[in-house]
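Rule-based calculations on the coordinates, nothing more; no lab input. The model shown is predicted, which means the values in this text are computed figures rather than measured ones. Here Cβ is always computed from backbone atoms with ideal geometry, including for glycine, and neighbour counts include all displayed protein chains.
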Amino acid sequence: MASTSSQAFVYNTFHEYYTSSSFSAPSITNFSQREFGFFMLKNRSMLRHVGFRNKEDLRIFLSKNVPSDVYRSGAYYEEPEAEMNRKGWLGADLVFDIDADHISTSCKKIHDKWICINCNFEGKGITPEECPICRSKKFSAKTWPCESCLTSAKEETIKLVDFLETDFGFSHKEMHTFFSGHRGYHVHVENMAVKTLDTIARKEIADYMTGLGVTLLGNKKKKVFRGLILSDYGWQKRLKLGLKRFLSNAKKEDLQKAGIKRNYSILLFNKELILNRCILEGRWNSIKGLSNRTWEKLFHHVKNLESSQIDTVVTTDIHRLIRVNNTLHGKTGFKKIEFPVSYIDVFDPFKEATAFNGGNVRILVSDAPLFRIGDEMYGPYKHQVVEISTAAAVLLICKERAKLVKGKNV
Ligand SMILES: [Zn+2]
Ligand SMILES: [Zn+2]
């Protein structure tokens, strides 16, 4: 927990942001039908079931109350301020969340730690579902919004956008893409066709994105996929192109990662034949030594590469609150920010999501890796006092890696 003066510093900096011209309250479709929720800095509690007539009312609320996190419903309600079962659900946008927390990047072993609240057992990397020692499910985790984790999250988002565009036919106009302000990306689809989908229908869509249940082989004893020519639609097309892409570039290590421990050399030496005879002509059993089992492993691996690692819980929850864009993330001080779908390849979260300019702050850093904000590099730091920009200081304090030594030099 940050010290009182560090907390006051974060509060004041957030307050300055919400009262300045650099904050503009976002336009949200059917503003007055949305439920809003806030995590309040002052009493460290959640406030829900709030409604506003328009964005100006929200702006005034934020400048007066300065929450650490601001959320709104993906849903539309008759009465957003009523209790949950009296709100009158009218529909919801289709919302996707891609969070680096759920993607297994190798750098997590370096920058992420978790500790079991029950038995104090600790480990590095992704927080497990349950403690390997006492099976408790409560952890305290220390994570870091690192560049390569965010690049992985962006790659998953690019795949998601392609699913939405190619397989579902949504236009860029109907899709809204955001950086979450911490470790991931959000995509919202606003369209009449999705608005009234129930939880089960949303689960079907989420399963499609993650490739759950995608299978070609059926009964592997019978050579059921002999002669199967993959179509140019949906998952069959994705498997075909994915297989082509994977095998064209695959090295021994890649095939071993796919679970092919023995006959990888057959795959490496017959790439051309495999691409033409098997993938294009559907003669899957035409190369000696490539069994159904090998194909099954390859398809499974390629399916994982081609699917998008969304958090399916977010998509299926029709009452879910999601962070409001242009507002600050309480764990980083970065903004949640919308960017055009077509701009995703070049979008730089560490440049475009920064909210504070100028000022230098002296802080005592306990531990921080090398990181970048804008064009400037910081760290690594270990038990040292440093004087750094407001944005970097807020990030380190919010991530509980630093304490304030002295306020802003103005
Ligand atoms: Zn434990
Ligand atoms: Zn990382």
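Result for the chain in a Gaussian network model with C-alpha springs under 10 Å: among Leu370, Leu150, Leu197, the largest mean-square fluctuation is at Leu370. What the Cβ-Cβ distance of Ile110 and Lys261 gives, at R0 = 22 Å and to the nearest 0.05, is a FRET efficiency of 0.20.
Arranged by the count of other C-beta atoms within 10 angstrom, fewest first, what order do Tyr233, Tyr264 take?
Numbers: Tyr233 10, Tyr264 18.
Ranked by crowding around the Cβ, least crowded first: Tyr233, Tyr264.
Which entries in Lys261/Lys297; Lys173/Lys237; Lys240/Lys303; Lys142/Lys331; Lys108/Lys159; Lys240/Lys271 show an alpha-carbon gap greater than 18 Å? Over 18 Å Cα-Cα: Lys173/Lys237; Lys108/Lys159.
Highest GNM mean-square fluctuation among Asn325, Asn285, Asn249, for the chain modelled with Cα contacts below 10 Å: Asn249. Dividing the helix sum by the residues of the chain, where each DSSP H run of 4 or more adds -39500 (n - 2.57), gives a mean residue ellipticity at 222 nm of -8500 deg cm²/dmol.
According to the calculation over all Cα-Cα pairs in region 289-372, the P(r) per 10 Å bin from zero is 11, 24, 28, 19, 12, 4, 1 %.
The distance between label points at Ser20 and Glu376 comes to 1.3 nm (points 7 Å beyond Cα on the Cα→Cβ vector). With each label modelled as a point 7 angstrom along the Cα→C-beta vector, the Thr196-Asn30 pair spans 1.1 nm.
Which shape class, rounded, prolate or oblate, goes with region 139-183 when its Cα gyration tensor gives a ≥ b ≥ c as root eigenvalues, a/c under 1.5 marks rounded, and past that a/b bigger than b/c marks prolate?
prolate
Here the mean projected area of the convex hull built on the C-alpha positions of region 360-406 is 2.7 nm². Rounded, prolate or oblate for region 1-97? Axes are the square roots of the Cα gyration tensor eigenvalues, ordered a ≥ b ≥ c, and the cut-off for rounded is a/c under 1.5. Judged from the Cα gyration tensor, region 1-97 comes out prolate (a/c at least 1.5, a/b above b/c). Computed over the alpha-carbon atoms, the chain gives an Rg to Rh ratio of 1.02, Rh here being the Kirkwood radius from the mean inverse distance.
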